[in-house]
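Asks: Below: one structure in structure tokens.
The values are calculated or read from the model by the stated rules, or taken from the named source; none is laboratory data. Being a predicted model, the structure only gives us computed values, none of them experimental. Here the Cβ is made from the backbone with ideal geometry for all residues, glycine too, and neighbour counts use every protein chain on show.
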Amino acid sequence: MGDVFEFVMPSLGADMERGVLVEWLVTVGQHVDRGDLVAVVETDKGAIEVEIWTPGTVAELVVPEGSDVPVGTVLARLSGASATADPAPSAPPAADAPPAEPSPEPAPTPVVAVPPHSGRASPWARHLAAERGVDLTGVVGTGPGGAIVGADVPQARTKPVAAGTDADAMRRAVARAMERSKREIPHYYLGTEVDLTPTLAWLERRNAAVPPPQRVLPAVLFLAAAARAVREVPQVNGFWKDGRLEVSEAVHLGVAISLRGGGLVAPAVRDADRLDLGGLMAALDDLVRRARRGRLRGSEMTDATLTTTSMGDRGVSDIQGVIYPPQVAIVGFGRVVERPWIVDGAILPRSVVRVTLAGDHRAHDGHTGGLYLSAVANLLTNPESLA
């Protein structure tokens, strides 16, 4: 018959403590399989679609939509769940976190319902409002607890929305993670410059030979090189956990994405080293689109084993990244610039990109980091190996 499985509020980030259950995507009596989306949870980094990793039948939805609850709170119960099912994935544990002081009687976990007319809006409602220029302060919500849902957003355009608190909350969440990173992780930094002139010429020929939907951006070459170089230097791919490095066999490449309303997220492209350029381009396009709509999935926010960042589109040629704990490295790609370069004894203009690595000195050292950057550079100058 199977056991009863309790689906709890997952940790969707290293510093997440609470979340708002914005929307249930399932109903009582519905059967779910591994990987099905069951809920939308709102955190400081936006709305995230949460999967479930235990098959069964939804027996009870414990927490109503609009509730603000701590991580670990039981949200729903499943009947007929497999006793051998894998536990739901969660954010990697904090690195070197100090042990919590024992409490004789832990306080009960509160479930806070959103009061009527609280001004809370669902992520989809905020997206529609920003898209249509609607000021939500005058909109009456019909969702749970008076929350504004998509159907409440008027069709007519009104005055532009001022910068909201959502972006401020996201910045605070990112700042907390980066503060922790700089406090706990002994960073070391390396950089190298790569001549991309032949590579960009190859990419231009490749794109000219395929239909527009199959063409790729130079940024995809960077992602492919960062992911595949892990095969040669796996020590940069994993987590610092319990005082030691845990190398990940899978390469789930985090991609830093800036959001239009402000803030930053770094969802993961799963198994990025196994994707060809077309597959990576499709995955990147999908991630950016959903990130800016507030529709990322929980596993995408917790699975990254190595993160990449680039500010080339902002004109930045050199970026020194801050490692997202408990990961042990972050790779940066700058703007492709024209520079004088010596080729066969002659000084010629070449298209050059600067690639940087921030590494965790507890997990590896400059020698390892140098090997990794060399592998990235070798792949970037041999684009046929990335195709």
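Asks: Taking the options Val220, Val288, Val247, name whichever one is hydrophobic (A, V, I, L, M, F, W, C), surrounded by fewer than 24 Cβ atoms within 10 Å (Cβ to Cβ) and out of contact with any helix residue (DSSP H, G or I) (no Cβ under 9 Å at 6 or more places or on another chain).
Replies: Going through Val220, Val288, Val247 in turn, the sole match is Val288.
Asks: Could I ask something else about it? Within the range 202-222, is even one residue part of a helix (DSSP H, G or I) and under 18 Å from Gly369 (Cβ atoms)?
Replies: Yes - at least one qualifying residue is present in the range 202-222.
Asks: Please specify each residue of the range 51-78 satisfying the condition of being of a type in the set (S, T, N, Q) and either at pLDDT 90 or above or touching an Asp or Glu at 6+ places or on another chain (Cβ under 8 Å) (or both).
Replies: Thr54, Thr57, Thr73
Asks: Filter the range 1-50 down to residues that are hydroxyl-bearing (Ser, Thr, Tyr) and either touching a Ser or Thr at 6+ places or on another chain (Cβ under 8 Å) or surrounded by 22 or more Cβ atoms within 10 Å (Cβ to Cβ) (or both) and give me whichever is modelled with the lowest pLDDT.
Replies: My answer is Thr43.
Asks: Can you tell me which residues in the range 312-338 are outside any loop (DSSP other than H, G, I, E, B), surrounded by fewer than 18 Cβ atoms within 10 Å (Cβ to Cβ) and either among the hydrophobic types (A, V, I, L, M, F, W, C) or in contact (Cβ under 8 Å) with a residue 60 or more places away in the chain (or both)?
Replies: Once the filter is applied, which keeps residues that are outside any loop (DSSP other than H, G, I, E, B), surrounded by fewer than 18 Cβ atoms within 10 Å (Cβ to Cβ) and either among the hydrophobic types (A, V, I, L, M, F, W, C) or in contact (Cβ under 8 Å) with a residue 60 or more places away in the chain (or both), the range 312-338 yields only Val337.
Asks: Ok, one more. Out of curiosity, is Val355 touching a Ser or Thr at 6+ places or on another chain (Cβ under 6 Å) and either in a helix (DSSP H, G or I) or crowded, with 22+ Cβ neighbours inside 10 Å (or both)?
Replies: yes
Asks: Another one. Of the residues that sit in the range 157-201 and are assigned to a helix (DSSP H, G or I) and at pLDDT 95 or above, which one is surrounded by the most Cβ atoms within 10 Å (Cβ to Cβ)?
Replies: Top of the filtered list is Thr199.
Asks: If you don't mind, there's one more thing I want to ask. Report the residue count in the range 223-238 for those that are surrounded by fewer than 24 Cβ atoms within 10 Å (Cβ to Cβ) and of a type in the set (A, V, I, L, M).
Replies: 1
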